[in-house]
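See below for the structure under consideration.
Please treat every number below as a calculation from the coordinates, not as lab data. Worth saying up front: this structure is predicted, and the values here are computed from it rather than measured. For neighbour counting, all protein chains shown are included, and Cβ atoms are generated from backbone atoms with ideal geometry for every residue, glycine included.
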Ligand SMILES: [Ca+2]
Ligand SMILES: [Ca+2]
């Protein structure tokens, strides 16, 4: 674990692990209501994805008992040792809540927090821990959309902080790319098209379980991106919706490689490092432009996107 997220510390809670016959019966019942508790193991190969409340983006069910329905995010790898968690939407009403638990080793520490209300505009900061648990609890009546969160393993230290060799940057040719790849992502129809090689598309776009959200990344991420890249990701969603973007990883050659997020031609964000805050568009159309110059690359970026209906 390389840094601690700053969240409210409510003290350390002991997570019950004993299985009584009563809790087993309760778990069986909960699986019918909300799918039960799922363990997601992050490895070097499967290192990012989404979790959501049951039924998302439709309303979550009623009468979901605390702790029975949700996710344990567990990191098991020789290179990776912790997970980042970034919410893209979080909506509950009084009587219901989302609980987030973060646990670290060496020193052993634990935090948990509960969220009730409409957090779209002030979602929890990007958090990180050795492992995490997220679940939703609901009472017997009334609900909302619940939550959608992206997770990604933190990259090994060398990926994040390793020295990059800097070639001589003098002279012309820094951005003489001959081809701009345009990737169109439509979260209403689920259609994803590219003006480049369709066989390489999976290395740049990874749709989630629903067509309304997914990941975009620099080519080959978390491997090093190629030189001379110019990729425009055009995200469009249904009329009246907006986009939530969450940067989970970012590492570029300083000053020469970058990502610009724009809307209606105006820059919303120039990305050079990890940005912990959520980024919302005002409209249903956003462009994300990745550029790299002729030399020196790094692990690039991983951004989670989601169409958010408010
Ligand atoms: Ca409720
Ligand atoms: Ca470069």
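Points to keep in mind about this one:
- For segment 21-154, the percent of C-alpha pairs falling in each 10 Å distance bin, counted from 0 to the bin holding the largest distance, reads 13, 43, 33, 11, 0.
- Normalised contact order of segment 21-154, rounded percent, pairs of Cα under 8 Å and 6 or more residues apart: 36
- In terms of Cα atoms, the Rg and Dmax of segment 57-112 work out to 14.4, 42 Å.
- Residues residue 266 and residue 210, FRET efficiency given R0 of 25 Å [Cβ-Cβ distance, rounded to 0.05]: 0.30
- Taking all Cα pairs closer than 8 Å and separated by 6 or more residues, the relative contact order of segment 162-308 comes to 32 percent.
- Cα centroid separation, segment 203-278 to segment 42-56 (Å): 18
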